[in-house]
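The values are calculated or read from the model by the stated rules, or taken from the named source; none is laboratory data. Treat the numbers as computed from the prediction; the structure is a model and nothing was measured. Backbone-built Cβ (ideal geometry, glycine too); neighbour counts: all protein chains shown. We work out accessible area using only protein heavy atoms, side chains counted, and drop any ligands, DNA or RNA first. Shrake-Rupley method; radii C 1.70, N 1.55, O 1.52, S 1.80 Å.
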Amino acid sequence: MSIPVTLIPGDGIGPEVVNAAVEAIEAAGAKLDWERAAAGAGAVPTHGTPIPAETLESIRRNKLALKGPLATPIGEGYRSANVALRKEFDLYANVRPARSFAGVETRYSGVDLVVIRENTQGLYSGVEHYVDDERSAAETISIITRKGSERIIEYAFKYVKRNKRRRLTLVHKANILKATSGLFLDTGRALAAKHPDVEFKEIIVDNCAMQLVKNPNQFDVLVTTNLFGDILSDLTSGLIGGLGLTAGANIGRDAAIFEAVHGTAPDIAGKGISNPTAVMLAGVMLLEHIGERTAAERLATAVREAIASKEAITPDLGGSATTRMFTSAVLKRLK
Ligand code: NAI
């Protein structure tokens, strides 16, 4: 029986990379029943909102979505549809792995990191305003709760064990943000005592950024609050070759949304040269999530082999292939 999945093509390069990923996921042998749904800037003219009610209903029903990037106006306009979806479905765990690719030249080899980011609280809580009509000052409130910290850090400990990883590093700024980051750190220390079988370390975020650039292989799995996780996971993407290569899962108790870490890439949208790897690997994470291990493995191997062969790599990786040519190189390996 096919498993229903909500499919959100999204904005900018979204439709081209998502369609490429769907072809590859199907070629890998997974039986999924795609339910297309609109969201993002493209949904505003047709539905009057970046998150139409039917899209929310579809995700609520299927509990599973594959999503392309959604454009968010910068500094004005509606709030991020991504943040809204994460809040609506309480997708508290954002899991962003970054593993080196054979054939992609980067400063370091053998990078294998996972950033686990708290996805609903902190500075992304959406509590912000200008203090007066002249907009002479503004404030944003960071909300961190013990319960919210417990569930993400507990998720991270379980992730380490389930995936047979080595170590969990909690990233914080409790020296300055003594209450919010302090609460997150205290919660982590308390949970570490309950998981003596996992090596637990803590590090201040600025030092972590520097250490990641200097010697990434000293880290394994990192757990942190919303904003730090957002920034550090782009850094870890950069370590393995860029945003075209990294996928993320947004996991909640009742639903999960899989996506690329990258955005709508307006600079290359419409040119047919975007790299669909990130969304294909989001597909791999989705397949693993629903227990389709064989299809997940086949797809991950095909993508990695297609990149390693360099026969059709996209410009972000130094090649000149189109999205279509790279997709064909992946599909060929799945036949
Ligand atoms: P971006 O990720 O769209 O682009 C950053 C750079 O990476 C650009 O040079 C772009 O060409 C390149 N890039 C990204 N994905 C690529 C791919 N698949 N293949 C080749 N090159 C790729 O980030 P930016 O420019 O900061 O954001 C643009 C828009 O995307 C904004 O509206 C932002 O809000 C939205 N966004 C949405 C996200 C989501 O839906 N999850 C995540 C990040 C940004």
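Assuming R0 = 35 Å, what is the FRET efficiency of Ile176 and Glu105, from their Cβ-Cβ distance, to the nearest 0.05?
0.40
Quick check: the distance between the Cα centres of segment 32-79 and segment 302-318, to the nearest angstrom?
Value for the Cα centre distance between the two parts: 30 Å.
For segment 92-136, which GluC sites (Glu not before Pro) are in a loop by DSSP, counting at most 14 other Cβ atoms within 10 Å?
Sparse-neighbourhood loop GluC sites (Glu not before Pro): Glu105, Glu134.
In nm, give the distance between the simple-model label positions of Arg166 and Ser2, each being 7 Å from the Cα along the Cα-to-Cβ direction.
4.4
Only sites in a loop by DSSP and with at most 11 other Cβ atoms within 10 Å count here; which trypsin sites (Lys or Arg not before Pro) in segment 69-146 make the cut?
Counting only loop positions with at most 11 other Cβ atoms within 10 Å, the trypsin sites (Lys or Arg not before Pro) in segment 69-146 are Arg107, Arg135.
Express in nm, to one decimal, how much length is gained between Asp132 and Arg253 on full extension, taking 0.36 nm for each residue of separation and deducting their alpha carbon distance.
The Asp132-Arg253 span can extend by a further 39.6 nm.
Looking only at Cα atoms, what is the convex hull volume of segment 162-300 per residue, in Å³?
153
Can you give the accessible area per residue of segment 107-236, in Å², using a 1.4 Å probe?
51
Take every Cα pair under 8 Å in the chain that's 6+ residues apart, average their separations, divide by the length, and report that relative contact order as a whole percent.
Relative CO of the chain lands at 23 percent.
Could you check how much of the accessible area of the chain is carbon and sulfur, as a whole percent, using a 1.4 Å probe?
Taking all protein chains in place, the chain shows 53 percent carbon and sulfur surface.
Could you size up the charge dipole of segment 107-236 around its Cα centre, putting +1 on the beta carbon of Lys and Arg and -1 on that of Asp and Glu, and report it in debye to the nearest 20?
Rounded to the nearest 20 debye, it is 900 debye.
Can you sort Met210, Met1 by 1.4 Å-probe accessible area, starting with the largest?
Met1, Met210
Taking 25 Å as R0, compute the FRET efficiency from the Cβ-Cβ separation of Arg146 and Glu88 and round it to 0.05.
0.65
For the chain, give the magnitude of the charge dipole about the Cα centre (Cβ charges: +1 Lys/Arg, -1 Asp/Glu; no others), in debye to the nearest 20.
1260
Take the Cα of Lys158, step 7 Å along the line toward its Cβ, and report every residue of segment 264-297 whose backbone nitrogen sits under 17 Å from that point.
Label zone hits: 288-291.
Counting other Cβ atoms within 10 Å, keep those with at most 16, restrict to DSSP loop, and tell me which GluC sites (Glu not before Pro) in segment 41-101 are left.
Answer by residue number: Glu76.
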